[in-house]
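Below is one structure, written out as structure tokens; comments come after it.
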Amino acid sequence: MLCAIGVLSIHSAVYDPNHSSFVDLDTNYGKQFIFVIIAVVVGIFILLLESRFLSALAPAMYVVTTVLLIVVLVIGRNVGGNQAWISLPGGFRLQPSEFAKFATCLLLARYLSGANVKVSEPKSFAIAAGIIFFPMMFILLQPDAGSTLVFSSLLFVLYREGLSPYFLILEGLFILLFVLTLKVANLPIIIGGIVALAVLLMWLLRRNRKMMFTMLVGAGILIIFVFSVQFLYTKVLKPHQKSRIDIVLGITSDPRGKGYNVNQSKIAIGSGKLWGKGYMQGTQTKYSFVPEQSTDFIFCTVGEEFGFAGSLVVLSLYLLLVLRIIYIAERQRSPFSRIYAYGVGSIIFFHVFINIGMTIGIVPSIGIPLPLISYGGSSLISFTIMLFILIKLDSNRMGMIYA
């Protein structure tokens, strides 16, 4: 259903009356239709493989995708400021970062399901973190901040396998303090708040010296982070990344410049009201007011043409998909299958949350596709491979798959 919605939305967003056929390769919707067929063939091929073969193949797939991430830095094609695509014959392009996602999930699952591996131990955690961050390093060099951040969602997998919840809390505090430091711009108040909170927690936990020490160390890390925010913001982030953050936080307003995409996106979605304007009737869509409307901002087409009701249907489909993945994960007897399933669920959830949040202006525009709906063969086939590997592993859930 999501793939069908994707093809129809792309057809409406970039419709060309001179090329009305759904299989016309001169159009994005024609190419997407072919991508869907290829994805189905790839999915069927995966179902014919042995489940143990998928685990055994994990290191090789990880190495291949990593090599492709290096190759794209040398011979890749620069599109939109990111050198993330390898040109293929026939006008097609390959985006290695999309395939690195499921390869990383497989290798992470293989490692964490090994004997005597406990993610709560420093050595195991360091190796698992290395598996996640190694491809992130090459993707960041492209530079593709959106795809880089997707890998951070795998932290939820580590949490499910025994990582302390304090890591998730710390990550949330980092995000909160980053926003507060830029928005409030008053370091003494922020640091005072951290110290006051730490003192309160240490007093409440005064009978547990280990926890008191943890709170003290955590407060120190947060204070150091607060002092480093301005450096990260001014020296590390690119100008376009800073402007997008400023617009989302309301620090600056530039509806005709850097904020044009998001502003037009919100207009398109809001104009759809409850039931939408009808298929191929969206004025924002038909007159190309929203850039990248068949890729990163495809949700605008759904919102404008099918309104709140259509948007709710799409969100409900994603919710059902993620809940189904979690259900499948929890019924696995094999740790490998369970860990892999949580990896797939985390990545899909992150994509949906960030992409739709980006189109309605609650998160910065970082350019990641909406799974199975946005135009793009690499994205569609990558998500198809993720899901069909999961289906294959689940079909063998009564057996045990070991690393």
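The values are calculated or read from the model by the stated rules, or taken from the named source; none is laboratory data. Worth saying up front: this structure is predicted, and the values here are computed from it rather than measured. Neighbour counts are summed over all protein chains in view; Cβ atoms, including those assigned to glycine, are modelled from backbone coordinates with ideal geometry. Side chains included, ligands, DNA and RNA excluded: accessible areas come from the protein's heavy atoms. Shrake-Rupley method; radii C 1.70, N 1.55, O 1.52, S 1.80 Å.
Summary table
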{"quantity": "Anchor LYS210: lysines whose Cα lies under 27 Å away (excluding residues fewer than 8 positions away in-chain)", "calculated": "LYS118, LYS123"}
{"quantity": "Per-residue SASA entry for ASP296, accessible area with 1.4 Å probe, Å² rounded to 10", "calculated": "40 Å²"}
{"quantity": "Percentage, to the nearest whole number, of Cα pairs in the chain over 41 Å apart", "calculated": "18 percent"}
{"quantity": "Solvent-accessible ranking of LEU176, LEU370, largest area first, probe 1.4 Å", "calculated": "LEU176, LEU370"}
{"quantity": "Residues of type lysines that LYS101 reaches as a straight line, Cα spacing below 22 Å, ignoring anything fewer than 8 places off in the same chain", "calculated": "LYS392"}
{"quantity": "Charge-dipole axis of the chain as Lys and Arg at +1 and Asp and Glu at -1 on Cβ define it, positive-most pick from LEU177, THR66, GLY357", "calculated": "LEU177"}
{"quantity": "Probe 1.4 Å, accessible area per residue of the chain, Å²", "calculated": "49 Å²"}
{"quantity": "Sulfur and carbon atoms: percent of accessible area, the stretch 233-356 [1.4 Å]", "calculated": "63 percent"}
{"quantity": "Between the stretch 299-323 and the stretch 74-139, the alpha-carbon center distance in angstrom", "calculated": "29 Å"}
{"quantity": "Check: the stretch 248-389 dipole with +1 on Lys, Arg Cβ and -1 on Asp, Glu Cβ, in debye", "calculated": "220 debye"}
{"quantity": "Heavy-atom accessible surface of the stretch 7-95: percent carbon and sulfur, 1.4 Å", "calculated": "68 percent"}
{"quantity": "Mean separation of Cα contacts under 8 Å (6+ apart) over length of the chain, as relative contact order %", "calculated": "25 percent"}
{"quantity": "Among 227-236, 2-11, the order from most to least packed when residues are scored by Cβ within 10 Å on average", "calculated": "2-11, 227-236"}
{"quantity": "Peptide ranges 271-278, 153-160 listed from the most packed, as the mean C-beta count within 10 angstrom indicates", "calculated": "153-160, 271-278"}
{"quantity": "If the convex hull is drawn through the Cα atoms of the stretch 1-148, its volume per residue in Å³", "calculated": "149 Å³"}
{"quantity": "The stretch 345-403 - convex hull of alpha carbons, volume per residue in Å³", "calculated": "105 Å³"}
{"quantity": "FRET efficiency, ILE267 to SER120 (Cβ-Cβ, R0 51 Å, nearest 0.05)", "calculated": "0.60"}
{"quantity": "Flagged links, alpha-carbon separation over 24 Å, of LYS235/LYS266; LYS183/LYS242; LYS31/LYS273", "calculated": "LYS235/LYS266; LYS31/LYS273"}
{"quantity": "Three semi-axes of the equivalent ellipsoid, the stretch 279-403, Cα gyration tensor, whole Å, largest first", "calculated": "33, 13, 12"}
{"quantity": "For peptides 129-137, 201-209, 70-78, 334-342, sequence by mean Cβ density within 10 Å, most packed first", "calculated": "334-342, 129-137, 70-78, 201-209"}
